[in-house]
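Chemist: Handing you this structure, nothing more for now.
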Amino acid sequence: MTPSLASTAPAGPAAAVATPTYPRFVQIWLGVDLTLCTLTGILALVATYHLSRGDVGDYPPALAIGQTVVQSAIAVFGISGNLLLMRHRAAGFWLACLALVAVCVGMVMSMHELRLHIAASDDGGCPPGLLLGFVLTLSCRYLLNMVYAFALRDAWRTLQAKRGSAA
């Protein structure tokens, strides 16, 4: 064997083990969530711009700041977590989990915002259109994040299989 070919030959049984790939479902959802987190990051930048100018309108400033922080956390943790997961890094799983926690915080803040809106209305009720939009939006966020949580579970299993095959 020539010296140039000796460096490319497998070093032993461990070198012959192939790296497991993610299931197609996980690959798709990592891309979908990366896109959603990027859009959330853009929204957070726009919200930050409006907050810096004082353009919050009749929206409570504390909620505007809180929603902006949550959107920023979703963007930072989601984008970095998905990119690391695409490179088969375990730290990406934990960052993606933090993004899911930030989404849950955002959902709780949205429920609080609806409660404040109902309390501030003159008749103590909520317009049906607002309530329907709120329920649909919250349901979509919940379903998307449940699907993403299952994708993360499968990604974690793949990463664990990779760790087990390397040992």
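The values are calculated or read from the model by the stated rules, or taken from the named source; none is laboratory data. None of the values given here were measured: they were computed from a predicted structure. Cβ placement follows ideal geometry from the backbone for every residue including glycine, while neighbour counts extend to all protein chains displayed. Side chains included, ligands, DNA and RNA excluded: accessible areas come from the protein's heavy atoms. Shrake-Rupley method; radii C 1.70, N 1.55, O 1.52, S 1.80 Å.
Chemist: Rounded to the nearest 0.05, what FRET efficiency do CYS140 and SER165 give with R0 = 41 Å and r taken as the Cβ-Cβ distance? Could you check?
Modeler: Computed FRET efficiency for CYS140 and SER165: 0.65.
Chemist: Same structure, new question: Could you work out the relative contact order of the stretch 38-167, using alpha carbon pairs under 8 angstrom and six or more residues apart, expressed as a whole percent?
Modeler: 21 percent.
Chemist: Got a number for carbon plus sulfur as a percent of the chain's accessible area, 1.4 Å probe?
Modeler: 72 percent
Chemist: How far is helix 61-86 tilted, in degrees, relative to the longest principal axis of the Cα atoms in the chain, given as a value from 0 to 90 rounded to the nearest 10?
Modeler: It is inclined by approximately 10 degrees.
Chemist: Something else now. Please turn the phi angles of the stretch 112-122 into ³J(HN,Hα) values with the Karplus equation 6.51 cos²θ - 1.76 cosθ + 1.60 (θ = phi - 60°), one per residue in order, whole Hz, x for glycine and proline.
Modeler: Calculated HN-Hα couplings, in order: 5, 4, 5, 4, 5, 5, 5, 5, 7, 6, 5 Hz.
Chemist: While we're here: Please work out how much length the chain gains when fully extended from THR35 to MET111, using 0.36 nm per residue of separation minus the C-alpha to C-alpha distance, in nm with one decimal.
Modeler: Length difference between fully extended and current span is 24.9 nm.
Chemist: A follow-up question, please. Which ³J(HN,Hα) values, rounded to whole Hz and listed in residue order, are derived for the stretch 98-107 from phi using the Karplus coefficients 6.51, -1.76 and 1.60 in 6.51 cos²θ - 1.76 cosθ + 1.60 with θ = phi - 60°, glycine and proline given as x?
Modeler: Couplings: 5, 5, 5, 5, 5, 5, 4, 4, x, 5 Hz.
Chemist: Taking every pair of alpha-carbon atoms in the chain, what share in percent sits in each 5 Å bin, from 0 to the bin with the longest distance?
Modeler: 1, 8, 13, 15, 14, 12, 10, 7, 6, 4, 3, 2, 2, 1, 1, 0, 0, 0
Chemist: If you don't mind, there's one more thing I want to ask. Just GLY78, GLY129, GLY92 to compare: in a GNM of the chain, with alpha carbon springs under 10 Å, which one fluctuates most?
Modeler: GLY129
Chemist: Quick one: among SER72, SER121, SER139, which has the greatest mean-square fluctuation in a GNM of the chain with alpha-carbon springs under 10 angstrom?
Modeler: Highest fluctuation among the options: SER121.
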